[in-house]
Amino acid sequence: MRGRWWPWLLLVLALVPALLIQKPRRQLSVTPTQSFSEAIFANPDTLDPALASTASDWAAVSNVFAPLFRETPNGRVVPSLVSHYSLSGKQLILTVRPVPLVGGGHLTADTVAAALARPLWPRVNSSAARALLGAIVGAKAVMRGKTPYLSGITVDGRQTLTIQLTHAVTAQFVKVLANPILSIVPASDLMRGGPYWQLKNLDGTGGYALANWVPNGSLTFHRRSGSGPAEMTLTVFPSFQQAVMSFRNQAVDLIPVGASQVTRVPRSVRADIRALPVPGDLYLVYRRAAKLVSAYPDQSVSGWVKRAFAGRVPSLGGSWPSSVPAARRMTVYVNQALPEAVQLAQTLQHLRPALVTVRLVPEAQLASLAKQGTINAYIGQANLFKSPGVMVPLAPLRQLWLVNPQLGPVRDFANGVVNWHSIAVKP
């Protein structure tokens with residue numbers, strides 16, 4: 001028996017070349033034309049746009065669901081799921097595009113009518129949606145749970161519906177319908193899926209469907225219609241620096257960059273920061289009658305802006321007022337809800353630490369202080385002083401992102417998240 005092992009040895013040796021010539025191992029990450037990864041910094045709390053509030057929430061829901069209208073980077077409101085609309089007295093008449101739904105079928109006027117009522121249901125309890133839709137006839141009855149439908153919305157045909165308000169319809173209400181909180185979620189999703197509808201019945205209008213969710217790890221979405229990557233993954237990172245490290249290692253393609261984080265991006269990839277347009281501009285506003293208001297540095301306004309954003313946000317070309325004496329102490333008030341304004345103010349303070357003091361206040365308080373004339377200068381978007389102030393143009397508002405250089409155009413939503421359909425790969 002001991003001598004019979006050698007035929008098996010010969011057989012194994014004969015098979016070795018075949019075993020070595022195997023199918024190449026599949027790469028761990030698919031090519032950019034197939035899949036992209038975007039960084040988020042917390043697990044989403046919800047995939048319901050009516051309840052979304054965090055950046056992680058919006059990164060997902062804005063690509064799964066779409067609103068009837070959308071706001072462009074220059075502030076215009078244009079149709080999204082609507083092909084035509086008209087205003088007449090207290091009525092808004094909409095013609096809905098028959099866009100494909102992720103779960104099958106196409107969008108109809110019936111779907112839209114039910115979707116506008118859904119966030120007002122007591123079981124959804126969206127305070128934001130209640131504030132936005134409260135002017136529609138019958139909204140209070142839906143909020144109180146007396147009926148699931150808005151009596152002020154009538155379906156006139158397969159793709160046409162009429163919305164009746166309690167007051168005259170203006171362009172402002174059209175802008176309300178562009179709010180991503182009111183993105184169209186088929187009511188059948190919630191009815192069919194119960195408390196776990198978000199995990200299995202996301203038959204949205206945005207073209208992407210949830211494929212997999214690893215808590216505190218990642219969310220993977222597959223494209224069902226429209227253009228854009230076949231697969232998008234939202235990956236949770238514990239810190240901005242770890243996300244940037246992954247970007248440098250080409251493990252993540254998109255990272256949101258806060259205004260205060262620009263200078264924390266390594267110089268080796270700082271050129272990959274893109275400044276995507278957001279409506280509005282920032283100004284340094286002086287009260288003209290103030291005596292001690294100037295503490296601007298010995299460099300130009302464009303140099304200040306460049307310093308604040310590491311050269312990634314353009315300057316509007318403003319200049320320091322020559323009529324105001326330099327080297328005087330100044331307290332600069334800032335709307336704390338504008339990160340870019342805060343960054344500019346804190347950079348000015350860094351340039352002139354002995355002369356500049358920064359005060360961060362809520363927007364309403366800033367407006368009140370300016371109208372009362374109790375402050376001398378602030379950074380904001382409009383002249384809030386009673387008497388005309390000196391407005392120094394600083395920089396346009398921008399949403400900053402680290403973007404894989406292999407990507408072509410990338411577009412922002414109005415709420416500051418990337419529109420996956422706008423992502424393209426450079427040829």
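Restrict the check to segment 151-159 and report whether at least one residue is under 23 Å from L210 (Cα atoms) and not acidic (D, E). No, there is no match, as no residue in segment 151-159 is under 23 Å from L210 (Cα atoms) and not acidic (D, E). Among the residues making up segment 238-268, a single one is more than 13 Å from L400 (Cβ to Cβ) and of a type in the set (V, I, T): V252. Restricting segment 247-280 to residues that are among the charged types (D, E, K, R) and farther than 21 Å from V305 by Cα, which is surrounded by the fewest Cβ atoms within 10 Å (Cβ to Cβ)? Only one residue fits best here, namely R248.
Of the residues that make up segment 152-169, is at least one at pLDDT 95 or above and in a helix (DSSP H, G or I)? No: zero hits. Could you please let me know if Q372 is within 30 Å of the chain's Cα centre (by Cα) and over 30 Å from Q34 (Cβ atoms)? So Q372 fails the test. Has segment 223-240 got any residue that is modelled with pLDDT under 85 and closer than 18 Å to D57 by Cα? The answer is no; no qualifying residue exists.
Residues in segment 417-427 that are touching a Leu at 6+ places or on another chain (Cβ under 8 Å) and crowded, with 18+ Cβ neighbours inside 10 Å: V418, I423. Hey, any hits in segment 387-394 for a residue that's among the polar types (S, T, N, Q) and within 19 Å of A341 (Cβ to Cβ)? No, the conditions are met nowhere in segment 387-394.
The set of residues in segment 119-171 being touching a residue at least 60 places away in the same chain (Cβ under 8 Å) and aliphatic (A, V, I, L, M) consists of V124, A128, A129, L161, I163, L165, A168, V169, A171. Scanning segment 84-93 for residues that are under 26 Å from the mean Cα position of the chain (by Cα) and in contact (Cβ under 8 Å) with a residue 60 or more places away in the chain returns a single hit, Y85. Kindly indicate whether any position in segment 314-330 is assigned to a strand (DSSP E or B), touching a strand residue (DSSP E or B) at 6+ places or on another chain (Cβ under 8 Å) and modelled with pLDDT under 95. For segment 314-330, residues assigned to a strand (DSSP E or B), touching a strand residue (DSSP E or B) at 6+ places or on another chain (Cβ under 8 Å) and modelled with pLDDT under 95: present. The set of residues from segment 257-278 being in a helix (DSSP H, G or I) and charged (D, E, K, R) comprises R264, R267, R270. Restricting V257, V176 to residues that are closer than 17 Å to P119 by Cα and among the β-branched types (V, I, T) narrows the list to V176. Picking from residues in segment 49-63 that are surrounded by fewer than 24 Cβ atoms within 10 Å (Cβ to Cβ) and touching a residue at least 60 places away in the same chain (Cβ under 8 Å), the one that is farthest from M232 (Cα to Cα) is L51. Within the set L254, L284, L351, L292, the sole residue that is among the aliphatic types (A, V, I, L, M) and modelled with pLDDT of 95 or more turns out to be L254.
Here is a yes/no grid of residues against (1) in a strand (DSSP E or B); (2) crowded, with 16+ Cβ neighbours inside 10 Å:
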site	(1), (2)
A354	no, no
A367	no, yes
A370	no, yes
I379	yes, yes
R398	yes, yes
L402	yes, yes
N415	no, yes
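Among all positions in segment 100-107, there is no residue which is at pLDDT 95 or above, in contact with a Leu (Cβ under 9 Å, 6 or more places away or on another chain), small (G, A, S) and within 22 Å of N63 (Cα to Cα).
The values are calculated or read from the model by the stated rules, or taken from the named source; none is laboratory data. Just so you know, these numbers come straight off a predicted model, no measurement behind them. Positions of Cβ are backbone-derived with ideal geometry, glycine not excepted, and every protein chain shown enters the neighbour counts.
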